[in-house]
Structure formats: C-alpha cells, structure tokens
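Below: the structure, in structure tokens.
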Amino acid sequence: MSTAKGMKLTLKVWRQKNAESKGNLETYELEDVSPDSSFLEMLDILNDGLIQKGETPVEFDHDCREGICGSCSLYINGEPHGPGRRITTCQLHMRSFNDGDTIYVEPWRAKAFPVIKDLVVDRSAFDRIQHAGGYISVNTSGNTQDANAIPVEKENADQAFDAATCIGCGACVAACKNASASLFVSAKISQYALLPQGQVEAKDRVQNMVKQAQEEGFGPCSNTGACEIECPKGISLENIARMNREYLAASLAK
Ligand code: SF4
Ligand code: FES
C-alpha cells in the first residue's frame, strides 16, 4: 500500500459542448490526489466530483488503459500525452507532477481531428487513410503459400515490426506545427513496404494513402522531427524517408 501524500492540483480543462460550439478552459481544484494514480484515474476522480455536484462530467477518450489502443489522446501542458516520453496518457502517473501544480488539459488541435466534445476528437480520418491502402492481397484459391514459408530478411522483419507498433493515437499530428500525419502514414506504408507480402499493391498504396491524408486536411511535412519526439511508440523519421522513396518510385513507374 502506498504511503504517498495526496497532491493538491489546479486543472484547466477544455470544455466544449460540440464541434460547432466555441470551447473554453474551465478551472477545477482537486485535493488529495495520489501520486500513484494514473492521469486518467485523476480525471475519473474529477468526474466523480462533478457528478456528485450534479455537473456534467468531462468527456475524454480511453479504452485499454495500457498503451495499446491509442485512444487516450490528450494534450497536457502543451505536450501530446504529457511530459513523459514513449508513453501514452494512460501510462502517465501523477508522480510526474508536483504538489500545487496547475495542469492544462486540452484535446488534439488539428483541422482533420475536429472536437466532438470536451477532450474527445474525431480521429476517423486515420481510419479512412488506412482504408485507402492499409491492406494486402492474398491468393486464397487453394494454392496459398504459408506466410511463414516466405523468407524475410531479419533487418526488414524488425523494421516492419517496429513500424507496425504505431497505435494510431495521433500524437504526431498534435505535435506538428503543420498538423502533418506523415509519421502515421509512413508507419502504415512501411509495415507493408518492407515485406514481400506488401509488394502487390505497393505503388497504389503509397499514392492512395498520401492522397487521402491530403484530402483529410493534414498538412505537409517540414522535417522538424517533433512527431518522432512525441510518438509514444518511438516510430522513427526513417519511415517518412522510406515513404518519400516509395512515393517517388511509384510516380516514376506510372
Ligand atoms: S506514428 Fe506514433 S504518434 Fe503517430 S499515430 Fe502512430 S503511434 Fe501515434
Ligand atoms: S487508453 Fe488505450 S492507449 Fe491509452
């Protein structure tokens, strides 16, 4: 059992009724928050208090609470997923803050991620980018080759796996001054581009996914690297370089 002393916190939380309304920061005071509680548990405590007072709880997205689903997308003190590195908001603990701190909690800010309510944004643009090319074709006519029987170089397998760890959280977009989705798109392209199974649609994939990202309103990449720093899964900028090479090759082939 923890003997840690509870923290006193001032929260400045973005409240917004819906996509059309103008939002604003509301101030809430919390007493006796355990440093061992997670950031989302701290928001649960806030909401319990609001419900007890008959007020509307703060809407925020969450599901797995263990860094897998990518839904807990919060902008905390001006940083996607808060002050930690290589963690999502649900993996952030209150011991990362100090007793007496003021903490700003806002939704992702990007035209392509409109606010639905309070801290919840619509990230379905990422789904549509995936639909545009995030798949492979497999011949299932009866002569299907076992995927495990197709040799893949160790280095390529490792890099494809690393790219596939992207959880689609959108922190890369939130961190980017252009709201570019390049790190996300490049991870989704790389996980196929590095494997033999991904070659059938390779040229169409890169062109269709990049086109979809542009149509969704994500901005261009200007190589600041902010996305890589804030990515909870450590997705490397090398993926953006690979995406650009794939795009050039696809353009020259047409
Ligand atoms: S690249 Fe990183 S920051 Fe961007 S969506 Fe994937 S996991 Fe999140
Ligand atoms: S709630 Fe699933 S990654 Fe945070």
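All of the numbers you see were taken from the coordinates with simple rules; none came from a lab. The structure displayed is predicted, hence computed values, not measured ones. Glycine gets a Cβ as well: all are built from the backbone with ideal geometry, and neighbour counts include every protein chain shown.
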Original post:
Could you give the distance between the Cα centres of the stretch 177-215 and the stretch 220-242, to the whole Å?
Top reply: 14
Subject >> Computed over the chain: relative contact order in percent, which uses C-alpha pairs under 8 Å that are six or more apart >> reply: 19
Original post:
GNM, the chain, Cα, under 10 Å: largest mean-square fluctuation among T56, T27, T165?
Top reply: T56
Original post:
If the viscosity is 0.692 mPa s and the temperature 37 °C, what translational diffusion coefficient in µm²/s does Stokes-Einstein give for the stretch 119-223 when Rh comes from Kirkwood over Cα pairs?
Top reply: 221
Original post:
For K53 and T10, what is the calculated FRET efficiency with R₀ set at 22 Å and r taken between the beta-carbons, to the nearest 0.05?
Top reply: 0.80
Original post:
What are the lysines whose alpha-carbon lies under 19 Å from the alpha-carbon of K177, with same-chain residues fewer than 8 places away excluded?
Top reply: K111
**OP:** Send over the Kirkwood Rh of the chain, from the inverse of the averaged 1/r over different Cα pairs, rounded to one decimal Å.
**Re:** 19.8
**OP:** Could you work out the mean projected area of the convex hull around the alpha carbons of the stretch 7-117, in square nanometres to one decimal?
**Re:** 7.0
**OP:** Report the residue, chosen from G67, G54, G100, that carries the largest GNM mean-square fluctuation when the chain is represented by alpha-carbon nodes joined by springs under 10 Å.
**Re:** G54
**OP:** On a C-alpha basis, how far is the centre of the stretch 32-81 from the centre of the stretch 103-146 in Å? Whole number, if you could?
**Re:** 23
Subject >> Beta bridge orientation in the stretch 7-117: antiparallel %, DSSP, nearest 5 >> reply: 75
**OP:** Among L50, C221, A250, pick out the residue whose Cα is farthest towards the positive end of the charge dipole of the chain, where Lys and Arg carry +1 and Asp and Glu carry -1 on C-beta, about the Cα centre.
**Re:** A250
Subject >> Length gained when the stretch D127-Q197 is fully extended (0.36 nm per residue, less Cα-Cα span) >> reply: 23.1 nm
Original post:
Pick from K22, K117, K203: which is most flexible by mean-square fluctuation in a GNM of the chain where alpha carbon atoms under 10 Å apart are linked?
Top reply: K22
**OP:** Please check which bits of the stretch 104-122 a label hung off N244 would reach, taking the label as a point 7 Å along Cα-to-C-beta and the cut-off as backbone N under 18 Å.
**Re:** none
Subject >> Rounded to the nearest 20 debye, dipole of the stretch 7-117 from Cβ charges on Lys, Arg, Asp, Glu >> reply: 540
Original post:
Considering the Cα trace of the stretch 1-71, what is its radius of gyration and what is Dmax, both in angstroms?
Top reply: 13.9, 46
